[in-house]
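Reviewing the structure listed below.
The values are calculated or read from the model by the stated rules, or taken from the named source; none is laboratory data. Predicted model, so just to flag it, every value in this text is computed and none were measured. Side chains are part of the model used for accessible areas, which takes the heavy atoms of the whole protein and leaves out ligands, DNA and RNA. Shrake-Rupley method; radii C 1.70, N 1.55, O 1.52, S 1.80 Å.
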Amino acid sequence: MPQKNTPRAAVTGAAAGMLFMAFFGMSWAGIGIGGLQGWGASWLWIPSLLISCMLLIGGIALITQSRSLSNAMTEADARYRKRTGKWFGIIFGLEGAMIGIASGICGATDHFDAFFPVMALIVGAHFFPLARLFRIRIHYLAGALLCSLAGTILLTMPARVAWGEHEIVTWWVFVGFGSALILWVTGAAVWLAGRGMLRQARKDASRI
């Protein structure tokens, strides 16, 4: 089994991870904003969009900069990439199926407030096989933090609280913003790793 990707594949893989973190981080922030039930939504969208756009721009920049790197690979490398792509699809599909099942159960039992914390547990769990598959250690930390966040919220917080005359869905607020922060920080760490791989690949190429 090959031990590493080609320089271009490694950098573009990091960039793809950033794009995922930007999109899903924004989605979780939207869940947190939704939990506020209209309170403060207008000004909270602005920093959320800015952070996600920064990651998006950084990911696109990495992809653009990686085009000058070598993409040559052996037959074994090609088989490995095909296998990882297959397992990524399986993991992503199972995650989607479990989220769908959780949505149905929470809705049928009239406990939909619990859906997003449960979804965070599922999302956190899916990071563990991804970390092993792509050999990205920070995904283990992201998965552990997401699962811990969701579990803590479900076990220690009330589902809803009244803020004056305004009621907010506490579980959605904390799991939404907490998950967004975890994904954004993970995306930033992947960004730094990608830039490091890009610099190293350029140094290696200059020695040839």
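Quick one, which of (i) 33, 19, 15; (ii) 26, 23, 14; (iii) 37, 20, 12 is the actual semi-axes √(5λ) of the Cα gyration tensor in Å calculated for this model? Here the calculated entry is (iii).
Size of the range 134-208 from its Cα atoms: along the principal axes, largest to smallest, the extents are 68, 22, 12 Å.
For the range 94-187, place one equal point scatterer on every Cα, skip the solvent, and apply the Debye formula. What is log10 of I(q)/I(0) at q = 0.18, 0.24, 0.26 Å⁻¹? So the normalised log intensities work out to -0.82, -1.21, -1.30. Computed over the Cα atoms of the range 17-125, the ratio of the radius of gyration to the Kirkwood radius (Rg/Rh) comes to 1.10. Based on Cα contacts under 8 Å between residues 6+ apart, the chain shows a relative contact order of 36 percent. The largest accessible area among T186, T64 belongs to the first residue in T64, T186, and the rest follow in falling order (1.4 Å probe, all chains).
For the range 120-166, the spherically averaged projection of the C-alpha convex hull amounts to 3.9 nm². Solvent-accessible area of the chain (1.4 angstrom probe, protein heavy atoms only): carbon and sulfur portion equals 69 percent.
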